[in-house]
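Worksheet: the structure to be examined is printed underneath.
The values are calculated or read from the model by the stated rules, or taken from the named source; none is laboratory data. Keep in mind that what you see is a predicted model, and the values were worked out from it rather than measured. Cβ: placed from backbone, ideal geometry, glycine included. Neighbour counts: every protein chain shown. Accessible surface areas use protein heavy atoms only, side chains included; no ligands, DNA or RNA. Shrake-Rupley method; radii C 1.70, N 1.55, O 1.52, S 1.80 Å.
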Amino acid sequence: MEALGINLGFFIAQLVNFGIIFFLLARGVWPRVTKMLDERAAKIAQQLEDARAAEEARENAERERDKMLAQARGDGQKLVEEARQRGEEQVKQILRDAATEAEQQRAAARAQAEEERNRILADTRDQIAALAISATERLIGDGMDEKRAKSVLKRFFSEAPAEAKGLGKQITVISAVPLADDEKSDVKKLTGADQIEYKVDPAILGGLVIRAGDKVVDGSVRGDLSALSAQLR
Amino acid sequence: MEINGTDFITALKTIGAGLAMIGVIGPGIGIGLVVQGALTAIGRNPDAADQIITNMILGIAFAEAVAIYALVVSLIILFVM
Amino acid sequence: MKGVWILLGIIAVSVFFCGIVPGLMAGQGIAVALPVIMVPGEKVWEDFVGIKGLTITNTLIATLLTDVVVLLFAFGATRQMKTIPGRLQGLFEVITGLLYGLAKNTAGANAKKVFPLMATIFLFLLIANWIKLIPSVESVGLMHCAEDGMVGYEKVGNRLDVRKTMDRGVRATEENYNLCHHKEDGAAHHDPTEEIVQSALLTAAAQELKVESVSLKDDVGNGSSIAAYVGSNGGSVEAVQTAAVALVVEELNKAAEAGTVSAEEAATVIDNSAEVVAEVVTENYYRDDLYIVTPFLRGATTDLNLTLALGLLAFIAIQYFGVSAHGIRYFTKFVNTPALENAGKNPMGIMDFAVGLLEIISEISKILSFGFRLFGNLFAGGVLLVVMSFMLSMLVPAGVYALELFVGLIQAFVFSMLLLVFSSMAMAGHGHDESH
């Protein structure tokens, strides 16, 4: 026994030691633990029962809800469709209005710019006349009366070519400077057209270019110059 | 190397302890059979697994007790005699 | 996926601690001393705090530590019981809930009676078995002189000097212990005669092997004798002995003249010089430096006192439960008087009576079965672990360690389970017996 370490003293010590541990735990721990475990088991059973009841109630509620939901969904669909259509119309209207307004503004701006340019060109016309008269005076060393000078200028700027007669009822007249009213009536008389559209293009330098449909009668200074340069070559 | 009486007895004790441990063969086979039976049973009836495992552990414990007796005998031979 | 990472982590940690750490600390960790394997709890302090006869063993210390841990855990976890438990309480309730469920399944209405003892035993054994596995338990302890028959090693600083793996050390003798003890006490035990014999032997061995000198420590080494060393190096042991005897006689005469050894002692030793030399050459070479370590803690359940005490308690508890359920009639299970009375009607009653008597033996053997099962498993586990570490200090012990974790749990479970089953059988089975 001694060689196996079995010793009465140690044996009793171990018995007492474990006895104390058991006593302490049996007093302080196990009753509370078993109570807690039992309570929890009861509570879990209760909760399972509750959960089953709740599940049933929930299922009922779910069915009800599904029904209501289906109805509401129908109504909602209709409303949404209506609203969408109305909205689309509105958008279209707004776009249309905006486009019209923009077009109007653009046209107004263009007309204004045209007018401005014509005004400026009309102003320059007198200056050009003065310059031309003084240059001619130097050239020919003789004074030129104002009337003659004016007629020269008038011829330079607004004499319609002879071929322009009888081109058609609708023509377009392009001049280097805006034409005065009397000039316009001269042109009208000459061409015999009913509707005349006047355009200004300083690039033609002088004279008139008359267009009717696909016909062009070039009485411009630039046309003369380019014909001259072609001949000189 | 000279072998005296003490050495001889030590040698015999060691051999005896080794022989005593042959006794664990039986429990080894026994535990194997117990587990085999338990696993077959669980395979047939998985619902009863808890009960079967409890009893299996009991069976293993009984079979193992025999192995422990062999161990104790060999310990006694080695350390006590 | 998470599981794979955890597994890899565990492997990495075990490789690190079982492989790399000993590898880096070569010579310190790679070789493990063969520990003292003994069944009784090793004595750590005798006559503790001056009380005569109060011996403290390491298993006793471990038991007390287990007590503390059990009490802290149980009371700490249940101090403030909440319906929704915290971590500690949750852990505690997982364990106890499992046991309680088992008790209810097995013992039914009697579960409340058995549960406290069963749960206490399970908790106590589980913690005791796992405390045993904490590193440094069973390995860190008091270093002292190796006693007779124990395997000792030299010491370096505060650890045993194990130079190579599987170093078996030197089996100490009574003489080694006394020498070592004297050295420890400070009074240098200086026996000139012994020194003369030892140095004469080493000189003779050196002459025989034709080397400059033979060192006890480096050449002969731990665990082998001078005779074995000479023999394995091709020398003749007899020649060494003869030469040594001559040297001893010569040196002793010189010493007697110089007065370092008394004339009578010298004469006695000279007369017996052949035997003295023969004894020393084969094993005993006056070493005073053999130490062993007695761990402060050893698994509480590796002490038979504890396991048998628990076995006895379980036995008493089973009888108590039986008596509390059936009163004095419980004992008719063993001494089957009703069967004997009815023997006239039913002759097989005599057989029942005899079986009842056999039951006594099997009932009492439960104490031993309980006690030795627990002890055997845990003691064998501990020995397996230390022997594995001794043979292969890397990686392999980690596997054994895992096995031991499992065994510790299973044994605690088996003990409480058996207690539960036997108790419920004692409480329930009797009415059935009487019916036939």
- Message: Counting protein heavy atoms only and a 1.4 angstrom probe, how many square angstrom of accessible surface do chains A and C bury in total, to the nearest 100?
- Response: 3200
- Just counting partner chain Cβ atoms within 10 Å, what average do the residues of peptide C:299-312 show around their Cβ? 4
- About the Cα centre, charge dipole magnitude for the range A:1-111 (Lys/Arg +1, Asp/Glu -1 at Cβ), debye: 260
- Note on the structure: Note on the protein assembly as shown, DSSP bridge orientation, antiparallel percent to nearest 5 equals 80
- Mind checking which of B:LEU75, A:VAL173, C:GLY97 is farthest towards the positive end of the protein assembly as shown's charge dipole, using Cβ charges of +1 (Lys, Arg) and -1 (Asp, Glu) about the Cα centre? A:VAL173
- Query: Quick one: Cα centre-to-centre distance for the range C:114-159 and the range A:4-32, in angstrom?
  - Reply: 19
- Query: Which log10 I(q)/I(0) values, to two decimals, does chain C give at q = 0.10, 0.12 Å⁻¹ under the Debye formula with one point per Cα?
  - Reply: -0.88, -1.07
- Within a 10 angstrom radius of each residue's Cβ in B:54-64, how many Cβ atoms of other chains show up on average? Whole number is fine. 4
- Message: Give me the one-decimal Kirkwood hydrodynamic radius in Å for the range C:330-382, with the sum taken over alpha-carbon pairs.
- Response: 12.8
- Query: For the range A:1-111, with the dipole built from +1 on Lys and Arg beta-carbon atoms and -1 on Asp and Glu ones, taken about the Cα centre, which of A:LEU37, A:PHE11, A:LEU48 lies farthest toward the positive end?
  - Reply: A:PHE11
- For chain A, accessible area per residue (1.4 Å probe, heavy atoms of protein chains only), Å²: 72
- Query: What FRET efficiency comes out for the pair A:ALA102/A:GLN195, r = Cβ-Cβ distance, R0 = 25 Å, nearest 0.05?
  - Reply: 0.30
- Give me the percent of DSSP beta bridges within chain A that run antiparallel, rounded to the nearest 5. 60
- Note on the structure: Of C:THR260, C:THR301, C:THR120, the most mobile residue in a GNM of chain C (C-alpha springs, cutoff 10 Å) is C:THR260
- In this structure, among C:LYS112/C:LYS366; C:LYS132/C:LYS155; A:LYS35/C:LYS112; C:LYS43/C:LYS366; B:LYS13/C:LYS132; C:LYS104/C:LYS366, pairs with alpha-carbon gaps over 19 Å are C:LYS112/C:LYS366; C:LYS132/C:LYS155; C:LYS43/C:LYS366; B:LYS13/C:LYS132; C:LYS104/C:LYS366
- For the protein assembly as shown, what log10 I(q)/I(0) values come out of the Debye formula at q = 0.06, 0.08, 0.12 1/Å, with one point per alpha carbon and no solvent? -0.61, -0.92, -1.40
- Item | the range C:318-395 - charge dipole about Cα centre, Lys and Arg +1 at Cβ, Asp and Glu -1, debye rounded to 20 | 100
- Output the Cα-based Rg and Dmax of chain B in Å, rounding Rg to one decimal and Dmax to a whole number. 19.2, 67
- Which value, in Å to one decimal place, does the Kirkwood hydrodynamic radius take for the range A:5-153 when every pair of different Cα atoms is included? 28.8
- Message: As a test question: what accessible area, to the nearest 10 Å², does C:ARG298 have when a 1.4 Å probe is rolled over all protein chains in place?
- Response: 20
- GNM flexibility winner over chain C from C:GLY108, C:GLY152, C:GLY311 (Cα, springs under 10 Å): C:GLY108
- Mean projected area (nm²) of the alpha-carbon convex hull when the range C:192-286 is viewed from all directions: 5.5
- Message: Tell me which of C:PRO295, C:SER416, C:VAL197 sits at the most positive position along the dipole axis of chain C, charges placed on C-beta atoms (Lys, Arg +1; Asp, Glu -1).
- Response: C:SER416
- Note on the structure: Per GNM of chain C with C-alpha springs under 10 angstrom, the most fluctuating residue out of C:HIS144, C:HIS181, C:HIS326 is C:HIS326
- Shape parameters for the range B:26-73, alpha-carbon atoms, Rg then Dmax in Å: 12.1, 41
- Query: Interface C/B, total buried accessible area with a 1.4 Å probe, nearest 100 Å²?
  - Reply: 1400
- A 1.4 Å probe over the protein heavy atoms gives the protein assembly as shown a carbon and sulfur accessible-area percentage of 62
- Residues B:VAL73 and B:GLN36, FRET efficiency given R0 of 30 Å [Cβ-Cβ distance, rounded to 0.05]: 0.60
- Note on the structure: Computed over chain C, protein heavy atoms only, probe 1.4 angstrom, the accessible area per residue in square angstrom equals 49
- Restraint check, A:LYS147/A:LYS189; A:LYS154/A:LYS189; C:LYS2/C:LYS82, Cα-Cα greater than 20 Å: A:LYS147/A:LYS189; C:LYS2/C:LYS82
- Task: Just tell me how shielded A:68-81 is by partners: mean number of partner chain Cβ atoms within 10 Å of each residue's Cβ, no decimals.
- Result: 0
- For the pair A:LEU79 and A:THR124, how long in nm is the line joining their label points, each one 7 Å along Cα→Cβ? 6.8
- Message: Quick check: residue separation of C:ILE10 and C:SER262 times 0.36 nm, minus the Cα distance between them. What number comes out in nm?
- Response: 84.0 nm
- Item | Magnitude of the charge dipole, the protein assembly as shown, Cβ model with Lys/Arg +1 and Asp/Glu -1, debye to 20 | 4720
- Task: For the range C:141-185, state the average projected area of the convex hull of the C-alpha atoms over all orientations, rounded to one decimal in nm².
- Result: 3.4
